[in-house]
Amino acid sequence: VWVVVLALVAVAYARPRALPDGNLILGYAHICQPRVLEDAIAGVNVINWFSINLGMDNATGSPQIQSGPLNLTCVAEMVQLLQVLNLSTTHIITIGGWDAPHPLPIRSGTDWWAIFDDWNTNIIARPDLGFDGFDGIDWDLEGNNDPASPWNTLSTATLDIMGTMSQAAKRAGYIVTMVPPQSYFDSTTSLFSQSLLFGYPEYHPTFEYHGYNGYALVYSKYQYADDARTVPTFDLVDVQLYESWSRASFYVDDLGLAFPSYMVTLVEQMVRGWYVDFASVPAVAWPSQNVSVPLKSIVIGFSFGSPDGSGKSFFTWPESVARAWSVFPTGQTPRGTMFWNMNKDGIPANGTDTPCYLAAGFNSFLKVRPVPTDDD
């Protein structure tokens, strides 16, 4: 089917580096396959392709964009096919992931942006397929299963690379997003640390892979891309409620707070802002202050839960998210939803035998794409 449709296209398309207007449904994809196309048709209008690392060519010692197993030709063909179908879709490449290496501090963030831009423009772009490279970058630097790993710390160099590379990307007209696990961007606490090895004393304390507002530092310190502080650096903050034994899981699953009430409270906290004690860590050279995120930049992240139904990864059905959306005050809903990941959409969720379709489920109330009727 792909080949037939692609053969009909004889012109290259130039896509703006912009998010679609209105509501957003973000989906992560680590494999380029028909399921991704089906989800884009069903509702996803921002695809976060997963992933790259900022590393080094061991043979030469030169900085290198390391793209892993993702089939980038397939990505370009997918971009073109979505254009043919007239489905407005933004394509972003994610940096990092759990267990992934953090950027090597062999170049500044500004230099890393120039290296990425060259890779994106001259290696990844496929003008013959209408693909002019990725529309932006998404930060997903997290921890590592090995407690001794240096990647269980957001080093000062890493934080600076994240911030200055993001500013350079925004000045170049690209989209910049971040997808922090909930503890890395936690509106319920003023605590700050660069370590990602904390447990919650009140909730599964033996799980010691939480952070304390590390991404909040990046968002606050590098919030604007220009000296006049008029151009926000970060377009979206996608909070992972599905972080293992997260705050969401504690409040909803352990304390029994209804999810719609919890989500309204969470979004209100993020918009109102919360105080973070950055100055408690002098190395980051940033004063303690309030951090707040505008509604248009808030995206709430979900997953298919834990395969064993243990509750380790927070899960709620899309119908519950729809109810949450319905109780927000008029004009006070966040920008959209996100989920990990598109390649799993339709699997039995959270240890049940019931298939879960997050793309279509979110689209049923966000209405990013036309909602099918019984006659379709």
Between residues in segment 228-252 that are within 15 Å of T265 (Cβ to Cβ) and residues that are open to solvent by 10 Å² or more (accessible area, probe 1.4 Å) and polar (S, T, N, Q), which pairs lie under 7 Å by C-beta distance while being six or more apart or on different chains?
R247/T188
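Filter segment 333-355 for residues that are under 13 Å from V321 (Cα atoms) and either assigned to a loop (DSSP other than H, G, I, E, B) or open to solvent by 60 Å² or more (accessible area, probe 1.4 Å) (or both) and give the result. Steps first, answer last, please.
Keep residues of segment 333-355 that are under 13 Å from V321 (Cα atoms), which gives 333-334, 336-339.
Once the filter is applied, which keeps residues that are under 13 Å from V321 (Cα atoms) and either assigned to a loop (DSSP other than H, G, I, E, B) or open to solvent by 60 Å² or more (accessible area, probe 1.4 Å) (or both), segment 333-355 yields T333, P334.
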Pairs only if they're at least six apart or on different chains, beta carbon under 9 angstrom, first in segment 9-38 and surrounded by 17 or more Cβ atoms within 10 Å (Cβ to Cβ), second modelled with pLDDT of 95 or more and among the basic types (K, R); list them, first residue then second.
L19/R335; N23/R335; N23/K367; L24/R335; I25/R369; A29/R35; R35/K344
Between residues in segment 141-161 that are on the phi < 0 side of the Ramachandran plot and residues that are of a type in the set (K, R) and not in a helix (DSSP H, G or I), which pairs lie under 9 Å by C-beta distance while being six or more apart or on different chains?
I161/R107
Among the strands (runs of 3 or more DSSP E) lying completely within segment 121-240, list those that include at least 1 residues that are modelled with pLDDT of 95 or more and open to solvent by 40 Å² or more (accessible area, probe 1.4 Å).
193-198
Exactly one condition in (1) touching a residue at least 40 places away in the same chain (Cβ under 8 Å); (2) among the polar types (S, T, N, Q); (3) loosely packed, with under 15 Cβ neighbours inside 10 Å is false for T90; which is it?
(3)
Inside segment 72-81, can you point out the residues that are open to solvent by 10 Å² or more (accessible area, probe 1.4 Å) and under 20 Å from the mean Cα position of the chain (by Cα)?
L72
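May I ask you to say which residue of A359, A322, A279 is in contact (Cβ under 8 Å) with a residue 12 or more places away in the chain, among the small types (G, A, S) and open to solvent by 20 Å² or more (accessible area, probe 1.4 Å)?
Values: A359 fails: open to solvent by 20 Å² or more (accessible area, probe 1.4 Å); A279 fails: in contact (Cβ under 8 Å) with a residue 12 or more places away in the chain.
That would be A322, the only listed residue that is in contact (Cβ under 8 Å) with a residue 12 or more places away in the chain, among the small types (G, A, S) and open to solvent by 20 Å² or more (accessible area, probe 1.4 Å).
Quick one: would you say A59 is open to solvent by 60 Å² or more (accessible area, probe 1.4 Å) and either among the small types (G, A, S) or in contact with a Phe, Trp or Tyr (Cβ under 7 Å, 6 or more places away or on another chain) (or both)? Talk me through it step by step, then tell me what you get.
Details: open to solvent by 60 Å² or more (accessible area, probe 1.4 Å): yes; either among the small types (G, A, S) or in contact with a Phe, Trp or Tyr (Cβ under 7 Å, 6 or more places away or on another chain) (or both): yes.
Considered against the rule, which asks whether it is open to solvent by 60 Å² or more (accessible area, probe 1.4 Å) and either among the small types (G, A, S) or in contact with a Phe, Trp or Tyr (Cβ under 7 Å, 6 or more places away or on another chain) (or both), A59 comes out as yes.
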Is there any pair with a first residue in segment 106-126 that is within 16 Å of D160 (Cα to Cα) and a second that is polar (S, T, N, Q) and open to solvent by 20 Å² or more (accessible area, probe 1.4 Å) whose Cβ atoms are under 6 Å apart and which are 6 or more apart or on different chains, and what are they?
G109/T164; T110/T164
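Hey, can you tell me all the residues within segment 39-51 that are part of a strand (DSSP E or B) and either at pLDDT below 95 or open to solvent by less than 10 Å² (accessible area, probe 1.4 Å) (or both)? Spell out how you get there, then give the answer.
Step one: list which residues in segment 39-51 are part of a strand (DSSP E or B), which gives 46-51.
Of everything in segment 39-51, those that are part of a strand (DSSP E or B) and either at pLDDT below 95 or open to solvent by less than 10 Å² (accessible area, probe 1.4 Å) (or both) turn out to be V46, I47, N48, W49.
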Single condition V84 does not satisfy, out of (1) modelled with pLDDT of 95 or more; (2) open to solvent by less than 30 Å² (accessible area, probe 1.4 Å)
(2)
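Just to be sure, is F302 in contact (Cβ under 8 Å) with a residue 24 or more places away in the chain, under 18 Å from E142 (Cα atoms) and assigned to a loop (DSSP other than H, G, I, E, B)?
Values: in contact (Cβ under 8 Å) with a residue 24 or more places away in the chain: yes; under 18 Å from E142 (Cα atoms): yes; assigned to a loop (DSSP other than H, G, I, E, B): no.
Considered against the rule, which asks whether it is in contact (Cβ under 8 Å) with a residue 24 or more places away in the chain, under 18 Å from E142 (Cα atoms) and assigned to a loop (DSSP other than H, G, I, E, B), F302 comes out as no.
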When the residues of segment 243-270 are filtered to those that are within 25 Å of N152 (Cβ to Cβ) and in contact with a helix residue (DSSP H, G or I) (Cβ under 8 Å, 6 or more places away or on another chain), which remaining residue is surrounded by the fewest Cβ atoms within 10 Å (Cβ to Cβ)?
R247
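Condition check ((1) polar (S, T, N, Q); (2) assigned to a loop (DSSP other than H, G, I, E, B)) across all residues:
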site	(1), (2)
P69	no, yes
E77	no, no
L87	no, yes
I92	no, no
I95	no, no
L104	no, yes
T110	yes, no
I115	no, no
D118	no, no
Qualifying residues in segment 336-362 (those that are in contact with a Pro (Cβ under 9 Å, 6 or more places away or on another chain) and of a type in the set (S, T, N, Q)) - the one farthest from W49 (Cα to Cα)
T354
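The values are calculated or read from the model by the stated rules, or taken from the named source; none is laboratory data. Quick caveat: nothing in here was measured; it's all calculated off a predicted structure. Cβ atoms come from the backbone with ideal geometry, glycine included; neighbour counts cover every protein chain shown. Heads up: the accessible areas ignore ligands, DNA and RNA and are worked out on the full protein's heavy atoms, side chains in. Shrake-Rupley method; radii C 1.70, N 1.55, O 1.52, S 1.80 Å.
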